[in-house]
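Data block below; observations after.
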């Protein structure tokens with residue numbers, strides 16, 4: 001398979017391979033009543049890369065996977081919240097885990113859809129800073145991200161080649177490439193002169209270092225009662241100054257970001273059947289089962305028990 005960027009010729013030559021590589025699942029995508037898609041990863045794997053050349057639309061849905069859209073021929077449209085992204089060849093869209101989105105395809109064209117379970121990466125030191133970037137859709141084009149767009153595109157092509165070649169260490173190689181991609185995205189984010197506008201360069205770096213430490217702290221202490229005043233004071237800011245800068249850095253308020261992170265942790269814990277719902281609530285940082293149920297249902301349109309039951313049924317059917 002060619003290692004060059006995707007082209008019409010290489011797509012046509014490898015179309016049968018692209019489809020046969022995912023023949024381990026013959027069922028269509030599973031969308032449960034809440035709009036949650038239960039991603040069918042390759043068996044005993046944390047990744048699925050689809051080749052899609054069908055003019056089919058997908059109604060609003062969400063899943064726990066990071067989704068990356070890479071069109072090859074013609075555009076592919078994605079609606080996330082109030083935003084619509086028309087992604088074209090050479091461009092890339094990263095859709096955060098848990099984000100409700102819909103997809104619209106043209107009558108002709110093709111694209112690759114990458115799905116990753118990031119659970120294993122979430123415990124790596126420093127990944128919290130990347131998670132703050134991935135908390136929002138990331139649309140990479142040569143004009144918006146001139147320093148990394150082509151590099152990220154090439155990394156995705158390499159991932160695609162590994163996946164469809166079925167090499168012995170394909171998944172390991174894919175995740176090493178994924179980490180490389182996150183490093184490029186994270187480094188580019190930290191070097192963004194607009195991250196903390198109207199501030200001297202040395203001061204921007206100081207603030208980035210401080211907020212990276214805050215992200216790591218949140219990721220290690222989400223079970224605790226995280227107090228805005230205390231965390232702001234720990235890095236030398238008033239709570240008002242801290243709140244404004246935190247929103248600039250993450251696009252979320254302090255409370256909203258912590259709630260989102262705790263929900264992500266809860267989803268991971270709910271996959272463990274030996275934990276009660278109360279234990280999941282406490283271990284993910286919610287003060288009570290009632291608060292956990294209310295916040296989880298607001299975020300995911302289903303209760304924690306319903307979420308666990310549907311995921312358990314899906315896992316049982318796949319076994």
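Looking at 30, 69, just one residue is in contact with a strand residue (DSSP E or B) (Cβ under 9 Å, 6 or more places away or on another chain), buried (at least 16 other Cβ atoms within 10 Å of the Cβ) and modelled with pLDDT of 95 or more, and that residue is 69. Of the strands (runs of 3 or more DSSP E) lying entirely inside region 94-170, not one is found with 3 or more residues being free of Cβ contacts under 8 Å to residues at least 12 places away in the same chain, assigned by TED's automatic domain parsing to the domain that holds residue 31 and under 13 Å from the mean Cα position of the chain (by Cα). With respect to the stated conditions, residue 180 is more than 24 Å from residue 251 (Cβ to Cβ), within 19 Å of the chain's Cα centre (by Cα) and surrounded by fewer than 17 Cβ atoms within 10 Å (Cβ to Cβ). Has region 124-138 got any residue that is surrounded by fewer than 20 Cβ atoms within 10 Å (Cβ to Cβ) and more than 30 Å from residue 307 (Cα to Cα)? For region 124-138, residues surrounded by fewer than 20 Cβ atoms within 10 Å (Cβ to Cβ) and more than 30 Å from residue 307 (Cα to Cα): absent.
Residues checked against (1) over 22 Å from residue 61 (Cα atoms); (2) assigned to a helix (DSSP H, G or I); (3) in contact (Cβ under 8 Å) with a residue 60 or more places away in the chain; (4) over 19 Å from the mean Cα position of the chain (by Cα):
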residue	(1), (2), (3), (4)
217	yes, yes, no, yes
226	yes, no, no, yes
241	yes, yes, no, yes
264	no, yes, yes, no
273	yes, no, no, yes
282	yes, yes, no, yes
298	no, yes, no, yes
302	no, no, yes, yes
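Report whether or not residue 208 is in the same structural domain as residue 114 (by TED's automatic domain parsing), surrounded by fewer than 19 Cβ atoms within 10 Å (Cβ to Cβ) and assigned to a helix (DSSP H, G or I). No: the conditions fail for residue 208.
Yes or no, residue by residue, for (1) closer than 22 Å to residue 175 by Cα; (2) in a strand (DSSP E or B); (3) touching a residue at least 60 places away in the same chain (Cβ under 8 Å):
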site: 22; (1), (2), (3): yes, no, no
site: 40; (1), (2), (3): yes, no, yes
site: 44; (1), (2), (3): yes, no, no
site: 56; (1), (2), (3): no, no, no
site: 60; (1), (2), (3): no, yes, no
site: 69; (1), (2), (3): yes, yes, no
site: 78; (1), (2), (3): no, yes, no
site: 85; (1), (2), (3): no, yes, no
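Of the candidates 237, 246, the single residue that is in a helix (DSSP H, G or I), without any contact (Cβ under 8 Å) to a residue 40 or more places away in the chain and either outside the structural domain of residue 301 (by TED's automatic domain parsing) or within 24 Å of the chain's Cα centre (by Cα) (or both) is 246.
The values are calculated or read from the model by the stated rules, or taken from the named source; none is laboratory data. This one's a predicted model, so the numbers in the text were calculated from it and none came from an experiment. When we count neighbours, we look across all protein chains shown, and the Cβ atoms used for this are built from the backbone with ideal geometry, even at glycine.
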